Structure formats: C-alpha cells, structure tokens
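Participant: Take this structure, written in structure tokens, and hold onto it; I'll ask about it next.
Every number in this text was worked out from the coordinates using simple rules, so none of it is lab data. Not measured: the values here are computed from a predicted model. Quick reminder, even Gly has a Cβ in these numbers, built from the backbone with ideal geometry, and neighbours come from all protein chains shown.
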Amino acid sequence: MEFPISNEREFTQRVLQLAKVHANQIIPGHVARTAIFTVEQIAGDMVLGLSAEVLRDHIVNEIQTVEIEFPASWWQHFKASRRDKFGWRWFIRRFPIHWETWTKDVRFDRYYDYPDASIQLPEDRFGKFIVYELVKQTDWNKS
C-alpha cells in the first residue's frame, strides 16, 4: 500500500508565553550554618550544589582480598572449556590447564551519619542515622 505524496505544507500557528518556574527547599538552621553553595556551568547546563557538614561515627574499617582465577591464555581457556568431554580427558591429564590468579585488596569503611542532629557538639541523642559505606580498591596484582 502506498500513501500519496503531498506537496502541500501544513502550518500551525502557536502562541508561546513566558512562565517563571521555581523550586523551594527548606534547609534547617544546623545545616545552613555550615552550608556551601556552588554554581557551575557544564556544557550549557547549570549545576547547583549545596554541601554541608554532618555528624559522623566511624563503625567499620576492614580490608578484604578478592581473588579471581582464569585460564592463562586462549589455548588454556580452550582446554578448560573441553575438559569434561570424553575425548579431551586424557589430553588434559597429559597437558594440565595453566591458570592465572589476580588479587585485589578492597577497603571497606562504614560510617553512621546523623543528618537530623541539630546540635553542634555530640550529645546522647543525634536523631535518625544513615549508614554510609566507603569502598576503596587497589589495582589487580598478578600472582
């Protein structure tokens, strides 16, 4: 089925109006005391930032080592993918698969943040806490 090609152009007149838009956010006084407001322009867009200090309690600081083991080359991978097939079992016993192991240390830091605490110095009651976890990692190390 073919649609007829129309050479007639259709125009619609639209009347646009300017309208102001705004957003309000209430910032508590204990946040406003340490607040820093930033304005940046990135690729034609405006980025607004607000940062402030909160009370934080350090809970966990641990380092865990992660290991990943994989075949050392494409040929070792080929042998590993066929090691359970009947005709390859004797070959794998004669020429074992060579594996490579990489390790990485990952550091975990966990904090309790108290954004609702409306006090300057720590007291018994801080309000509801937020769990904040920071993870840092090193480069992979061959072993």
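Participant: Please turn the phi angles of segment 29-44 into ³J(HN,Hα) values with the Karplus equation 6.51 cos²θ - 1.76 cosθ + 1.60 (θ = phi - 60°), one per residue in order, whole Hz, x for glycine and proline.
Facilitator: With coefficients 6.51, -1.76 and 1.60, one gets x, 5, 7, 5, 5, 10, 6, 10, 9, 10, 10, 10, 10, 10, 6, x Hz.
Participant: At a Förster distance of 25 Å, what's the computed FRET efficiency of residue 21 paired with residue 43, Cβ-Cβ distance as r, to 0.05?
Facilitator: 0.75
Participant: Another question, then. Arrange the following residues from fewest to most other Cβ atoms within 10 Å of their Cβ: 30, 77.
Facilitator: Ranking 30, 77 by Cβ neighbours within 10 Å, fewest first, gives 77, 30.
Participant: How many nm is it between the label spots at residue 116 and residue 85, if each spot is 7 Å from the Cα in line with the beta carbon?
Facilitator: 6.2
Participant: Now, a different point. Residue 62 to residue 92: extension gain in nm, 0.36 nm per residue of separation minus the Cα-Cα distance?
Facilitator: Result: 6.8 nm gained on full extension.
Participant: Do me a favour and compute the ellipsoid semi-axes for segment 2-99 from its Cα gyration tensor, root of five times each eigenvalue, largest one first, whole Å.
Facilitator: Semi-axis lengths for segment 2-99 are 60, 42, 11 Å.
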